[in-house]
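Participant: Could you have a look at this structure, given as structure tokens, before my questions?
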Amino acid sequence: MSGKKRVAVLISGRGSNMTALIEAAKARDYPCEIALVLSNRPDARGLGTAKAEGIEAVALDHKQFSGRECFERAMQATLVAHGIELVALAGFMRLLTPWFVGQWDGRMINIHPALLPSFKGLHTHERAMEAGCKIHGCTVHWVTPGMDEGPIIAQAALAVRGDDTPDSLAARVLGLEHKLYPAALAHVATNGYAEATLPAGEALFGI
Ligand code: GRF
């Protein structure tokens, strides 16, 4: 037994945050192993990346199921079959029902490309720029039934530049995400739900 927490990463596409978690988990003292990557899209680029790393990668095409509940029950069976202890959503683009969220209460986290509680949902970089934000960033939070609403675990922020476009801002925030998510997952794996907020001074990564 390695003593490492068995983590599943749920993706729908590119999987760059998944890759950051896989890379971090290669460190001997990282408290998790990425035991499974699960995608609701068979064409998700991240599936190939995970397989190339020797990680079990499963596609469950949500369109092949008769409804959300059936799809989620299949996901749940897969997670249980792989002995998963923690779930990390990383660009997983399906809304989850209260039933599924309840199965992973206090054991499922998500990364969101904005400083919550501002800019829940999509197109966060465009919206932050339109709002004239001078500071923008990303958030790792617990997953609860309300979208992007769970308790905040960690955040990282950067300054919006005068010449930023939504794309340039997205690229810099993504770089922050790749640092924040592995740090937050390690913290959660070590400390569990009750204490899963990074100590002051550790939550902010500058640029
Ligand atoms: C990231 O920006 C993440 O914050 C959001 O979806 C995007 C996924 O990107 N939830 P990737 O698939 O990890 O590259």
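Participant: Report the calculated FRET efficiency for A59 and K134 (r = Cβ-Cβ distance, R0 = 45 Å), to the nearest 0.05.
Facilitator: Details: r = 41 Å, r/R0 = 0.91.
The calculated FRET efficiency here is 0.65.
Participant: Compute the angle between helix 166-191 and the longest alpha-carbon principal axis of the chain, please, reported from 0 to 90 degrees and rounded to the nearest 10.
Facilitator: 50 degrees
Participant: Does anyone have the angle between helix 68-81 and the longest principal axis of the chain? Alpha-carbon axes, 0 to 90°, nearest 10?
Facilitator: Around 70 degrees separate the two axes.
Participant: Can you list residues from other chains, or at least 5 along the same chain, whose modelled amide H is less than 5 Å from the amide H of S39?
Facilitator: I11, V58, A59, L60
Participant: Summing +1 for each Lys or Arg and -1 for each Asp or Glu, what net charge is found among the other residues whose Cβ lies under 10 Å from the Cβ of A35?
Facilitator: Details: positive: K4, K5, R6; negative: E33, E56, E85.
Computed value for this residue: 0.
Participant: Still on this structure, please answer the following. Can you sort T78, T190 by how many other beta carbons sit within 10 Å, fewest first?
Facilitator: Ordered from fewest to most neighbouring Cβ atoms within 10 Å, T78, T190 come out as T190, T78.
Participant: Continuing with the same structure: For the residues Y193, Y181, Y30, what sequence is obtained by ranking on other C-beta atoms within 10 Å, fewest first?
Facilitator: On the way: Y193 12, Y181 26, Y30 18.
Listing Y193, Y181, Y30 from fewest to most nearby Cβ atoms yields Y193, Y30, Y181.
Participant: How big is the convex hull of the Cα atoms of the stretch 31-141, per residue, in Å³?
Facilitator: So the per-residue hull volume is 138 Å³.
Participant: Need one number: convex hull volume per residue for the chain, Cα atoms only, in Å³.
Facilitator: Looking at the chain, the number lands at 122 Å³ per residue.
Participant: Let me ask something else. If you average the sequence gap of Cα pairs under 8 Å that are 6 or more apart and divide by the length of the stretch 3-147, what percent do you get for the contact order? Please list the in-between numbers first.
Facilitator: Values: 248 pairs, mean separation 33.8, N = 145.
The normalised contact order for the stretch 3-147 reaches 23 percent.
Participant: Taking the simple approach of a point 7 Å from Cα along Cα-to-Cβ for both S118 and D167, what is their distance in nm?
Facilitator: 2.4 nm
Participant: Further question: Between A77 and M147, what is the label-to-label distance in nm when each label sits 7 Å out along the Cα-to-Cβ direction?
Facilitator: Taking the two extended label points, one gets 2.8 nm.
Participant: What value, in deg cm²/dmol to 500, does the helix sum -39500 (n - 2.57) over DSSP H runs of n ≥ 4 give at 222 nm once divided by the residues of the chain?
Facilitator: Computed ellipticity for the chain at 222 nm equals -10500 deg cm²/dmol.
Participant: Now for a different question. Among T144, T139, T165, rank each residue by its count of other Cβ atoms within 10 Å, from fewest to most, as a rough exposure measure.
Facilitator: The order, fewest Cβ neighbours first, is T165, T144, T139.
The numbers here are math on the coordinates, done by the rules we state, and not lab data. Please read all numbers here as calculations on a predicted model, not as lab measurements. As a convention, Cβ positions derive from the backbone with ideal geometry for all residues, glycine included, and neighbour counts pool all protein chains shown.
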